[in-house]
Amino acid sequence: MHQDVKKVLVSPEAIEQRCRELGKQISDDYRRDGEIPVLVALLKGSVPFLAKLITYIDIDIEFDFMDVKSYEGTESIGDVRILKDLDRSIKGASILLVEDIVDTGRTLHEVSKLLLNKGAGRVKIVSLLDKPSRRVIPIEADYTGFVIPNEFVIGFGLDFNEKYRNLPYVGVLKDECYL
Ligand code: IMP
């Protein structure tokens, strides 16, 4: 375990198993609906999750990336600024937004709105983690990996000051590392 990690919340084995289950569920749902989803991964935190999840999806998919930043100091609903936009038109597309964690819900709320404004036919959400106790905007992912308590987590894509994204598990950062 990394020396800055207080405890492991989600092990690599649990992540693997849950991605397998989510991949099957997503495949079954989109197969039933006869849709080819465009997975839109929000940079950078969702990259490891996207990479693992898609290996367990056995229908045709496409994927693309977006990078957004919440406006500084926006404590209310606020807007997001697009740092990297999608490469193609999503008019009529069935979007599956891929996120690392739903915290206050602001990011997903704003990005979903934005994608619908760009003409997406439907927007669903898959998130590796969910911290429901922190929610400000009432938004839920359609597919959730793990519900976690209100602790700041790192690893498997999640960072603190851009560090720890490469850890193969999700863990809680030691308090002294915030200093
Ligand atoms: P929201 O808009 O408040 O839901 O925030 C979502 C974003 O905040 C995520 O995509 C993460 O980048 C970041 N975030 C929220 N909680 C954590 C955490 O515990 N560790 C690392 N990043 C987090």
**Q.** For the chain, share of DSSP beta bridges that run antiparallel, in % to the nearest 5
**A.** 35 percent
Q.
If I fit a long axis through the Cα atoms of helix 12-33 and take the longest principal axis of the Cα atoms of the chain, what angle between them do I get, 0 to 90°, rounded to 10?
A. 10 degrees
Q) Taking only DSSP H segments of four or more residues, each worth -39500 (n - 2.57), what value at 222 nm results for the chain once the sum is divided by all its residues, to the nearest 500 deg cm²/dmol? A) -7500 deg cm²/dmol
Q: With a probe of 1.4 Å, find how much accessible area the stretch 14-108 has per residue, and write the answer as a whole number in Å².
A: 49 Å²
**Q.** Simple Cβ-charge dipole of the chain, Lys/Arg +1 and Asp/Glu -1, about Cα centre, in debye nearest 20
**A.** 80 debye
Q: Would you mind listing how long the stretch 5-177 runs along its three principal axes, going by Cα atoms, in whole Å with the largest first?
A: 48, 38, 26
Q: Compare the peptides 79-90, 54-65 by average per-residue count of other Cβ atoms within 10 angstrom and give them in order, highest first.
A: 54-65, 79-90
Q | Alpha carbon centroid spacing (whole Å) that separates the stretch 15-35 from the stretch 117-156 | A | 17 Å
Q: Enumerate the aspartates and glutamates that K118 could reach by cross-link, defined here as Cα to Cα under 17 Å, with residues fewer than 8 away along the same chain left out.
A: D64, D67, D79, D85, D87, E110
Q. Does anyone have the angle between helix 106-117 and the longest principal axis of the chain? Alpha-carbon axes, 0 to 90°, nearest 10?
A. 10 degrees
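The values are calculated or read from the model by the stated rules, or taken from the named source; none is laboratory data. Because the structure is predicted, anything quoted here is derived from the model rather than measured. We place every Cβ from the backbone using ideal geometry, glycine too, and count neighbours over all the protein chains shown. Accessible surface is based on the protein model in full, side chains and every heavy atom, while ligands, DNA and RNA are left aside. Shrake-Rupley method; radii C 1.70, N 1.55, O 1.52, S 1.80 Å.
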